[in-house]
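Note sheet for the following structure.
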Amino acid sequence: MKKLFKAIFVSLIFVLMQTIAQAAGGVQISYNVTFPEAQAHYADVEMTVSGLHQNTLDLKMPVWTPGSYLIREFEKNVESLSASSGRKAVTAGKVRKNIWRLTTAGLNNITVKYRVYAFEISVRTSFIDASHAFLSPTGIFLYPEGMLNQPSTVHIKPYKRWDQVSSSLERVKGDNFTLTAPNYDILFDSPIEVGNQDIFYFDAVGVHYEVAMYGGGNYDKERLKKDMATIVEKETAIYGENPNKHYVFIVHNLLRGGGGLEHLSSTTLGASRDNYATDAGYEGFLSLVAHEHFHLWNVKRLRPIALGPFDYDNENYTTNLWIAEGFTAYYDNLIVHRTGLYPVENYLGVMAADINTLENLPGAKVQTLAQSSYDAWIKAYRPDENSNNTSISYYNKGALVAMLLDLEIIKSSNGAKSLDDVMRYMYNEYYKNKKRGYTDAEFKQGFEMAAGKKLDDFYSRYINGLDAIDYDKYLGYAGYKLMNEYAGRNEPALGLTFSRVPNRLIINGVQRGTAAWIDGINVNDEITAVNGTPVTTPAALIEGKSVGDKITVTVRRDGKAIDLPVTLLKNTEVKYHIESVAQPSAEQMQVRNKWLKP
């Protein structure tokens, strides 16, 4: 018994010493990243962990990256993992899809070597070739289980003639190729661009901004500096402060690029390199800048309670992405409007396009806004041929709901408040004061405080319900109305979309409730003839025909020709634009001026 007590006591002391050592920074972690085969899309990583006092060490790789709500299985790109301590090989083997277990009994330090394949072009995944390396850290760096709060350093050894590193991570002693992170949440939230990117800078609201342009393009640096600074100023004015000292825009200019991913002190943007010279292309890029930069407040700091601390092994579910992303989608175009670079008609046109997108989706009658947020992990990032019939985008409807709430708050407060006030209040109350995320009920209370009224009915209809949105009610507050350019037309439609195959009509979508849906035309069918006449273009399917006509559609399905009798139905597509009422009242103009203020 005495020996047993002694053994237990020694074990407890061992665990206590281990905990104290780790808490005091006894464990040190560093990475050395090289690119000996960049042309083949590989990074070689050497990870060193010292100060260990444990029998086993589990190394993990996140399965997703914050801001992109899909399990991406980054561990699939890891290969050739080995471990050693001095000259002694250390046993390492997988115990779960994203966990490698190392036997470390009696060892103070270990070195782990592995390779990562990186050949997926997106703002959320790593990509390496001979021209540059974009490192999305969740898919590059293994971390020791239980040590997410540990600091680490990353040393980059560039490939051949690469001479630039762009990242929001702090430099170690001014060395541009040696970076440090205070914990893994920061490391995982700080992408790294390595290569010969074109870098320029600007300062705004006391923050030093870096813009790292990869891929060339017809951009005007001086124009971008001025306009991006204006966006920063307009967004900072909403929240009352900009919490960064240094912020980095990493921009990948490709032949056809797009999208963005937010981070705490940086963002990665995708752009089309030749679009900067057109009004539409430049305005679109500024909107993307405004969107991702707005995220440094909304979602990175003001966040749903489920999104932090992160569980990097599993889905992190929330019903509030319509606020985190949808409201950001609302503000991106509104902020560009506030810069004064484009007329108000451009902004109203964007909002009308958002309305058209939602109103032409059959899924708007199936999936609620709250559901679209929660199901992002299984639907939003995994679209299929039936997605438009069953789901909506929390970006799209979330932006429209933000517009409705903005107008409601302005109207109900007699112009004293707007959605800006709600965002600022929530940021101060939950990020700064309570230092935690918000619940759905708490954000609802924020809206109600600003509006001075309960919003139960609004939530029941538009957030948690499937009611058709009464756009004219809310736009009417500002003296605007919707006009449907397709009202009164009586044209037939099948309700089909097609793959982009020249001179072939291969179906990739069938819209719910349409003639094609009702009469059994399927995705992957190839339409070859209508009423016995060969067809190769969509227009030929209904040319010369009327609503109610009965036609025979010949399709090739699974190698067989099938004749399908189809009754043509009316095309129900809408195309709205927003226009002013003839004589807006003083009250309507008060709301309009508050809403569309410069």
* Structure fact -> Checking 218, 316, 253 in turn, the sole residue that is assigned to a loop (DSSP other than H, G, I, E, B) and either more than 15 Å from the chain's Cα centre (by Cα) or of a type in the set (D, E, K, R) (or both) turns out to be 218
* Asked: Of the residues 264, 269, 179, which is part of a strand (DSSP E or B) and in contact (Cβ under 8 Å) with a residue 60 or more places away in the chain?
  -> 269
* Asked: Within segment 352-374, how many residues turn out to be closer than 12 Å to residue 574 by Cβ, open to solvent by 30 Å² or more (accessible area, probe 1.4 Å) and touching a residue at least 40 places away in the same chain (Cβ under 8 Å)?
  -> 2
* Asked: When residues of segment 293-319 are filtered for being open to solvent by less than 10 Å² (accessible area, probe 1.4 Å) and farther than 30 Å from residue 96 by Cα, how many remain?
  -> 7
* Go through segment 182-215 and give me each residue that's aromatic (Phe, Trp, Tyr), assigned to a strand (DSSP E or B) and in contact (Cβ under 8 Å) with a residue 40 or more places away in the chain. => 209, 214
* Asked: Which residues, counting only those in segment 334-351, are of a type outside the set (Val, Ile, Thr) and over 16 Å from residue 401 (Cβ atoms)?
  -> 337, 338, 340, 341, 342, 343, 345, 346, 347, 348, 349
* **Contacts under 7 angstrom Cβ, first residue in segment 516-529 being in contact (Cβ under 8 Å) with a residue 60 or more places away in the chain and farther than 15 Å from residue 559 by Cα, partner of a type outside the set (D, E, K, R) and part of a strand (DSSP E or B), 6 or more apart** => none
* In segment 556-587, which residue that is under 22 Å from residue 347 (Cα atoms) and β-branched (Val, Ile, Thr) is farthest from the chain's Cα centre (by Cα)? -> 581
* To do: Tell me, yes or no, whether segment 190-209 has at least one residue that is farther than 15 Å from residue 251 by Cβ, touching a Pro at 6+ places or on another chain (Cβ under 9 Å) and surrounded by 19 or more Cβ atoms within 10 Å (Cβ to Cβ).
  => yes
* To do: With a cut-off of at least 3 residues that are modelled with pLDDT of 95 or more, open to solvent by less than 40 Å² (accessible area, probe 1.4 Å) and not charged (D, E, K, R), name the strands (runs of 3 or more DSSP E) lying wholly within segment 49-149.
  => 78-85, 99-103, 109-117, 125-129, 132-135
* Asked: Of all residues in segment 458-480, which are over 19 Å from residue 365 (Cβ atoms) and surrounded by 15 or more Cβ atoms within 10 Å (Cβ to Cβ)?
  -> 474, 475, 476, 477, 478, 479, 480
* residue 290 is checked against (1) touching a residue at least 24 places away in the same chain (Cβ under 8 Å); (2) farther than 18 Å from residue 124 by Cβ; (3) surrounded by fewer than 23 Cβ atoms within 10 Å (Cβ to Cβ) and fails just one. What number does that condition carry? -> (3)
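The values are calculated or read from the model by the stated rules, or taken from the named source; none is laboratory data. A quick note: this is a predicted structure, and the numbers were derived from the prediction, not measured. With ideal geometry, Cβ positions are generated from the backbone for all residues, glycine too; neighbour counts draw on all protein chains shown. Ligands, DNA and RNA are stripped out before the accessible areas are found, and what is left, the full protein with its side chains, is counted by its heavy atoms. Shrake-Rupley method; radii C 1.70, N 1.55, O 1.52, S 1.80 Å.
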